[in-house]
Amino acid sequence: MENQSRLQFKWDLPSRRTGTPAPKDLQALRAMISNSLEDSSATTVQDGLPLGTVPCVVCEVESPQATFLWFHGGGFRLGSARQSTAFGERLAATTSARVVLVDYELAPEHPFPAALYDAVEAFEEARIRWPGTLVVGGDSAGGGLAMALTVAMERAGSASPDGLVLLSPWCDLTASAPSYDANAMTDPLFSAASATEAAALYLQGWDARDPLASPLFARVSGFPSTLIFASTDEVLLDDARRLTDLLAGAGIEISAHFVPGVRHVWPTLEPDHPASVAALQEIDRFVAHCSRTFMAGE
């Protein structure tokens, strides 16, 4: 409670709220996904390493050039750091960065703003534990959470990440973009119905237009350099396009890649696909750019 009060005061966050039990179908889906996982054989993975009170999985490399704080997807109700370990290892190997996968609390047991509290705490602790370049990223809902974290930092006048990497970011929980209908037949992983259900479980009555929940409604004038990827065939295409326009309009350094013929968050699902290899190479260049900028500013 003391830590919650500190974060709430420092970052001007909404109060935590009591959630509801997960529906049986959601519990079953979580169990099925968890049981399908294989243990990683990599010796560089530290499972359960906490940042403050937030458990994380750390994919370590020798002499990392940066630290990469990553938030997994799953509509705020599915997913875990452990389930993202294979992607985290590949991301670490490609970028020569320490990749920290954050195991933030899930809805509906922990509704908004619980995930944001975990993101803030993990970010604060990472800054202290690993001085140097700190890039923040995420896929789908995790991309929206990375954005929301940066919104909270801007509001508080705190130091932003040194860069943002967003894969198919879900950053408008009103789920009202035209691409939900336009790409309904080409996106097997997400839909207007699943987005509406996930948003309801996460928000539980909170205003979907709150910038800490839907960062597309935020002021972004102080955001760091940002790298965005989205498929032209996914329902979140408009979220990524609108975010690109929002950041560019605010004068933020932005690089956006809209790729045809791939799935939602494809680099996390198909790591050997040529489009995934290309995306990781682009992320590597971006992290190196963030590191050079950080060193020049010291």
(request) Consider only pairs whose beta carbons are under 9 Å apart and that are at least six residues apart or on different chains; among these, list those whose first residue lies in the stretch 241-267 and is under 24 Å from Leu189 (Cβ atoms) and whose second residue is among the basic types (Lys, Arg). (result) Ala256/Arg241; Phe258/Arg241; Pro267/Arg90
(message) Against the definition (among the hydrophobic types (A, V, I, L, M, F, W, C), in a loop (DSSP other than H, G, I, E, B), out of contact with any Leu (no Cβ under 6 Å at 6 or more places or on another chain) and touching a residue at least 24 places away in the same chain (Cβ under 8 Å)), how does Trp170 come out, yes or no?
(response) no
(message) Taking the condition of being of a type in the set (A, V, I, L, M, F, W, C), in contact (Cβ under 8 Å) with a residue 40 or more places away in the chain and within 14 Å of Phe229 (Cα to Cα), how many residues in the stretch 271-288 meet it?
(response) 4
(request) Only one of these is out of contact with any Asp or Glu (no Cβ under 8 Å at 6 or more places or on another chain) and surrounded by 24 or more Cβ atoms within 10 Å (Cβ to Cβ): Leu167, Leu145. Name it. (result) Leu145
(request) Identify the residue in the stretch 202-220 that is of a type in the set (A, V, I, L, M) and either closer than 19 Å to Gly157 by Cβ or in contact with a helix residue (DSSP H, G or I) (Cβ under 7 Å, 6 or more places away or on another chain) (or both) and, among all such residues, is surrounded by the most Cβ atoms within 10 Å (Cβ to Cβ). (result) Ala213
(request) Scan the stretch 70-101 residue by residue and report those that are polar (S, T, N, Q) and either touching a strand residue (DSSP E or B) at 6+ places or on another chain (Cβ under 7 Å) or at positive phi (or both). (result) Ser84, Thr85, Thr95, Ser96
(message) Just checking, does the stretch 91-111 include any residue being over 13 Å from Phe71 (Cβ atoms), buried (at least 20 other Cβ atoms within 10 Å of the Cβ) and among the aromatic types (Phe, Trp, Tyr)?
(response) no
(request) Only residues that are of a type in the set (Asp, Glu), surrounded by fewer than 21 Cβ atoms within 10 Å (Cβ to Cβ) and part of a helix (DSSP H, G or I): list them for the stretch 239-298, please. (result) Asp245, Glu282, Asp284
(request) Would you point out the residue of the stretch 222-238, among those that are of a type in the set (Val, Ile, Thr) and assigned to a strand (DSSP E or B), that is surrounded by the fewest Cβ atoms within 10 Å (Cβ to Cβ)? (result) Ile228
(request) Out of Val220, Val265, report the one residue that is more than 30 Å from Gln8 (Cβ to Cβ), in contact with a Ser or Thr (Cβ under 9 Å, 6 or more places away or on another chain) and not aromatic (Phe, Trp, Tyr). (result) Val265
(request) Please work out if Leu91 is under 15 Å from the mean Cα position of the chain (by Cα) and more than 29 Å from Lys10 (Cα to Cα). (result) yes
(request) Six or more apart or on different chains, Cβ under 6 Å: which pairs go from a residue in the stretch 76-88 that's farther than 16 Å from Glu270 by Cβ to one that's at pLDDT 95 or above and part of a loop (DSSP other than H, G, I, E, B)? Could you list them? (result) Phe76/Ala107; Arg77/Leu106; Arg77/Ala107; Gly79/His72; Gly79/Gly73; Ser80/Asp103; Ala81/Asp103
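The values are calculated or read from the model by the stated rules, or taken from the named source; none is laboratory data. The structure displayed is predicted, hence computed values, not measured ones. Note: ideal-geometry Cβ built from the backbone for every residue, glycine included; neighbour counts use all protein chains shown.
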